[in-house]
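Worksheet for the structure shown next.
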Amino acid sequence: MKQDILFISDLHLSLEKTEITRRFVDFLQGRALSANAVYILGDLFDAWIGDDDNTPPNKTIKMALKALTDSGTRVFLLQGNRDFLLGQRFADETGIMLLDEYAVIEPDGKRILLTHGDLLCTDDLPYQAFRLKSHSAEWQQNVLSKPLWLRLLAARWYRLRSFWHKRKKTRDIMDVNQHTVIETMQRYCCDTLIHGHTHRPAIHDLTLAGHEAQRIVLADWKKDRAECLCWDGLRFRFEAI
Ligand SMILES: [Mn+2]
């Protein structure tokens, strides 16, 4: 019986990272088949410029996801800061379900808050300003109305620019803000939060209005190391892939 619930994030799939693509396809055709549900918490792709982009490895990934959802494993996806243009057409083609930027799930009576993680990095003011702008319908329509070749080119430029910007930012600014974490968990009445984005995998214990709480940070995938978080109905554990 399909029982486990698996959580992954930050694979940053791209044309260049063939090992990670292969590892992910193996995961979809192997481990994920015996899971009840798979939650992908953002940045599955290193860049997503529209659901009409079928350049490699997108088509391979879509087919593998479709085969998994056809098998009965439910797949949920929440957009990251790299693939926030991923939309309904992708969901229709693969059978996955899109989640909002914050989603609450309640497996086995446990209330868990899911998010990508970028919204929690409130110290990074320039990024939050960009996020607000780029999530408007007007901005997205403007981008998606451009021809595919122009979007492919722009994405290459954007990735390069983001690499240089990141080098200049301090490590603290790029981590979550503790106050935002607590405020958000209380707003959603959850004592467990799972997110990715920061690439700092860990389980943080914290206190929330006198109660024990946990913030679980998922690992990004590397070509020689990848893992998922598994909820087996009783507890969480990290599993190597
Ligand atoms: Mn991210």
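Each value in this text was obtained by applying a stated rule to the coordinates, not by laboratory testing. These figures come from a predicted structure and were not determined experimentally. Here the Cβ is made from the backbone with ideal geometry for all residues, glycine too, and neighbour counts use every protein chain on show.
Every condition in (1) within 16 Å of the ligand (Cβ to nearest atom); (2) β-branched (Val, Ile, Thr); (3) farther than 16 Å from Asp83 by Cβ holds for Thr18 except the one numbered (1).
For region 106-119, taking the residues that are surrounded by fewer than 20 Cβ atoms within 10 Å (Cβ to Cβ), away from the ligand (no atom under 16 Å from the Cβ) and in contact (Cβ under 8 Å) with a residue 12 or more places away in the chain, the one that is farthest from the chain's Cα centre (by Cα) is identified as Asp108.
Cβ-Cβ distances below 6 Å connect the following pairs, each with a first residue in region 49-62 that is closer than 18 Å to Ala154 by Cα, a second residue that is part of a helix (DSSP H, G or I) and among the small types (Gly, Ala, Ser), and a separation of six or more residues or different chains: Ile49/Ala155. Return the pairs, sorted by first residue and then second, in which the second residue is among the aliphatic types (A, V, I, L, M) and in a helix (DSSP H, G or I), the first residue lies in region 22-36 and is in contact (Cβ under 8 Å) with a residue 12 or more places away in the chain, the beta carbons are less than 6 Å apart, and the residues are 6+ apart or on different chains. Here the result reads Val25/Ala64; Leu28/Ala64; Leu28/Leu68; Ala32/Leu68, each pair linking region 22-36 to a residue that is among the aliphatic types (A, V, I, L, M) and in a helix (DSSP H, G or I).
Would you please name the residue that is farthest from Gly233 (Cα to Cα), looking only at residues in region 112-158 that are outside any loop (DSSP other than H, G, I, E, B) and in contact with a strand residue (DSSP E or B) (Cβ under 6 Å, 6 or more places away or on another chain)? Once the filter is applied, the top-ranked residue is Thr115. The test for being in contact with a helix residue (DSSP H, G or I) (Cβ under 6 Å, 6 or more places away or on another chain), in a helix (DSSP H, G or I) and small (Gly, Ala, Ser) holds for Ala64.
Consider region 76-89 and keep the residues that are in contact (Cβ under 8 Å) with a residue 40 or more places away in the chain and within 19 Å of Ala37 (Cβ to Cβ). The one that is nearest to the ligand (Cβ to nearest atom) is Gly80. Candidates in region 198-223 are the residues that are free of Cβ contacts under 8 Å to residues at least 24 places away in the same chain and not β-branched (Val, Ile, Thr); of these, the one that is surrounded by the fewest Cβ atoms within 10 Å (Cβ to Cβ) is Gly210. Scanning region 185-201 for residues that are within 16 Å of the ligand (Cβ to nearest atom) and either among the polar types (S, T, N, Q) or touching a Gly at 6+ places or on another chain (Cβ under 6 Å) (or both) turns up His195, Gly196, His197, Thr198.
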